[in-house]
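Some notes on the structure that comes next.
The values are calculated or read from the model by the stated rules, or taken from the named source; none is laboratory data. Only a predicted model underlies this, so the values are computations on that prediction, with no experimental measurement involved. So basically every Cβ, Gly included, is an ideal-geometry build from the backbone, and we count neighbours across all protein chains shown. In case anyone asks, the SASA skips ligands and DNA or RNA and just uses the protein heavy atoms, side chains included. Shrake-Rupley method; radii C 1.70, N 1.55, O 1.52, S 1.80 Å.
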Amino acid sequence: MYELFKNLGSWLVAGEQWTGPDGIGHRIAEHLQYSLLATLVAAAIALPVGLLIGHTGRGAFVAINLASFGRALPTVGLVVLVFLAGGLSMTPVYVALVALAVPSIVTNTYAGMTAVDPEVKDAARGQGMRGHQVLLRVEIPLALPLIMTGLRLALIQVVATATIAAYVSFGGLGRYVFDGLAQRDLVQVLGGAVLVAAVAVVLDLALSGLQRVLFRHRRAAV
Amino acid sequence: MNAQGSASSPNSASSASSPSSTSSTSSTSSASSSSSPKHSPLPRRAILGGLLAAASVPALAACGGGITSLDGQGGGGGNGGGGSSANGVTIGTANFTENQILGYLYAAALGAAGVKTKVRPNLGTREILIPALKGGDIDLLPEYQGALLHYLSPKATATEEGAMQNALAVALPEGLQILPYGRAEDSDAFAVTRETAAEYGLASLADLKKQNGKLVIGAAPEVKKRVVGVVGLKEVYGVEFKEFKSLDSSGPLVKGALKKGDVDVANLFTTDTDIAAEGWVVLTDPKNLVPGQHVVPLIADRKADSAVRKALARLGGALTTEDLTELNRQVDKDKKDPEDVANAWAAAHGLVKKR
């Protein structure tokens with residue numbers, strides 16, 4: 001065990017390990033690219049849906065349950081299914097990752113919207129605000145902490161799952177995990193896993209820092 | 001044979017001193033994994049003990065070793081030398097369809113020769129099967145020449161059937177032997193679609209060199225670093241691919257990619273039913289890069305008598321790669337039972353059980 005961790009240490013710090021197309025630097029860049037793009041697409045789908053059902057209070061049951069399908073779908077199965085239908089490209093990976101990310105964003109956005117005090121909304125209407133004004137100026141600002149939590153949650157899940165890109169021949173940190181398993185190279189598998197965890201933690205810290213900065217600003221403005 | 005008996009005993013003896021914490025689990029596994037009478041002095045029992053000890057189930061190992069120990073081995077010793085299948089032969093098989101079918105085919109062939117058999121399917125990988133065979137838990141195992149040779153001596157260079165048979169005879173541990181190999185073969189193959197073969201003029205692996213830097217190969221991740229893969233293709237045939245795509249071993253990914261044209265060359269198994277179904281072209285291997293993987297019976301000396309040898313040689317001579325491919329298809333695609341499929345083939349080829 002000690003030996004394994006010692007080897008892991010030298011694997012992680014070896015200079016040649018960090019450069020070139022198979023290097024850790026490039027793999028992290030690929031991994032971030034897959035994760036961020038998938039989360040952005042998921043947000044583009046899920047945020048409007050969450051805001052809509054939260055604002056109108058209609059269709060929540062259907063939308064939440066439909067979104068939760070994404071959670072129940074086995075990601076690898078979805079990748080293979082889309083792959084067999086569409087062929088070898090990043091599409092299957094993105095479809096699976098987006099399906100994974102949508103539920104957290106929809107449910108958290110919806111939860112944030114419903115948590116807004118109805119009297120506050122009434123007051124906004126009473127001041128003569130229209131529907132979209134209530135949404136943009138009252139509901140979204142108040143729901144923002146929970147919406148951000150949903151986005152963070154989705155991003156972390158996606159970062160952890162983006163390793164499957166390697167399953168269908170693409171890059172990212174999953175390359176180390178899949179290649180290591182196939183070549184019985186445990187150090188490589190462990191190295192890949194540790195790097196994925198590190199990327200996830202760093203991203204989460206960065207987002208929570210961003211969140212804190214955003215809300216400090218908001219509080220000051222109010 | 002006795003050497004193995006004593007080899008397994010220290011194993012169980014050492015575990016006897018270790019604390020027992022999982023007695024309930026071990027007793028149930030003993031009941032399910034051996035149908036022989038509880039106190040029957042079969043050598044198998046002792047080895048079962050040894051095996052379970054290895055799987056860190058100390059309580060039963062102590063008990064198994066205690067019941068039979070060397071006495072049981074002494075009784076089994078009567079079979080020593082020539083070997084005898086009079087007490088029946090236990091056939092073990094690995095955890096994939098084709099190996100299970102082969103196990104049932106062996107059972108059918110031996111049954112037709114009047115030998116009693118018991119099949120224990122789906123036992124796992126070589127890492128489990130070979131120790132079980134050495135130990136006496138199983139007596140016979142359907143194996144593949146190249147893969148077995150690579151397992152026993154990873155640096156072996158033989159790839160031709162006869163040379164491998166000789167190398168295997170040398171590499172095998174005491175107490176185990178291989179019988180003559182059969183016609184059927186399940187080896188690695190590099191396949192292209194008919195269109196690709198026509199477009200680039202591909203018939204053999206050597207032809208790939210003419211298209212260096214143009215073709216994309218799809219295979220399981222390990223093939224990138226294997227001699228029977230990218231490394232050997234470069235060394236032996238001078239082939240360089242444009243790109244290597246890590247997919248799976250003759251599974252839906254690599255086959256899907258080949259079908260759709262996402263890869264030009266795919267690493268498949270020769271008994272894959274889709275090769276014929278899709279009309280794919282398997283590239284020939286004039287320089288014998290890919291080791292032969294003829295099916296070969298691996299058997300313990302103690303059971304290898306002439307009745308067993310003849311029955312298995314007869315089966316080996318009758319079963320072709322095409323037959324095996326078809327049987328695989330019946331199990332994997334038609335969802336038939338491996339035992340039924342094997343028995344139907346055996347009956348059609350005159351291997352009917354003697355009463």
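Quick one: work out the % antiparallel among DSSP beta bridges in region B:139-271, nearest 5. Antiparallel: roughly 45 percent of the beta bridges in region B:139-271. For the residues of B:244-257, the average number of beta carbons from a partner chain within 10 Å of their own beta carbon is 4.
Peptide A:78-84 has a mean of 3 when you count, residue by residue, the C-beta atoms of other protein chains within 10 Å of its C-beta. Each chain gives up part of its surface: B and A jointly bury about 1200 Å² of accessible area, both sides summed, for a 1.4 Å probe.
Per-peptide packing, taken as the mean over residues of other Cβ atoms within 10 Å, places A:180-186, B:153-159 in the sequence A:180-186, B:153-159 from highest down. Between the alpha-carbon centres of region B:197-243 and region A:203-217 there is a gap of 50 Å. Among the listed pairs B:Lys116/B:Lys255; B:Lys260/B:Lys333; B:Lys155/B:Lys245; B:Lys310/B:Lys336, give every one whose C-alpha distance is greater than 32 Å. Checking Cα-Cα distances, B:Lys116/B:Lys255 exceed 32 Å.
The order of B:Arg309, A:Arg212 by accessible area, most exposed first and with a 1.4 Å probe, is A:Arg212, B:Arg309.
Expressed as an acute angle from 0 to 90° and rounded to the nearest 10, what is the orientation of the C-alpha long axis of helix A:60-72 relative to the principal long axis of chain A? In chain A, helix A:60-72 runs at an angle near 10 degrees to the longest axis.
Annotation: amide H-H contacts under 5 Å for B:Gly88 (H modelled 1.01 Å from N, sequence separation of 5 or more, or interchain): B:Lys116. Annotation for B:Arg120 and B:Ala344: the two label points, set 7 Å from Cα along the Cα-Cβ direction, are 2.9 nm apart.
Label 7 Å along Cα→Cβ of B:Ala313; region B:262-306 residues with amide nitrogen under 19 Å? Under cut-off, by backbone N: B:294-306. Inter-chain neighbour count for A:166-172: the average number of beta-carbon atoms from partner chains within 10 Å of each residue's beta-carbon is 5.
For the peptides A:16-27, B:249-260, the ranking by mean Cβ contacts within 10 Å, running from highest to lowest, is B:249-260, A:16-27. With everything on Cα atoms, drop me the angle between helix A:24-56 and the longest principal axis of chain A, reported from 0 to 90° to the nearest 10. Value to nearest ten degrees: 20. Coupling constants for region A:12-23 follow from the phi torsions by the Karplus curve (6.51 cos²θ - 1.76 cosθ + 1.60, θ = phi - 60°), and in residue order they are 5, 9, 4, x, 5, 6, 9, 10, x, x, 9, x Hz; glycine and proline get x.
Only helical DSSP H runs with n ≥ 4 go in: add -39500 (n - 2.57) per run for chain A, normalise by residue count and round the 222 nm mean residue ellipticity to 500 deg cm²/dmol.
-26000 deg cm²/dmol
Could you state the number of Å between the C-alpha centres of region A:1-44 and region A:106-135? Here the two parts' Cα centres lie 42 Å apart.
Value of Rg to Rh for region A:2-221, rounded to two decimals, is 1.08; Kirkwood radius and Rg both from alpha-carbon coordinates.
Charges were assigned to the Cβ only: +1 to each Lys and Arg, -1 to each Asp and Glu. The resulting dipole of chain A about its Cα centre is roughly 720 debye.
Principal-axis analysis of the Cα atoms of chain A puts helix A:75-86 at an angle of about 90° to the longest axis.
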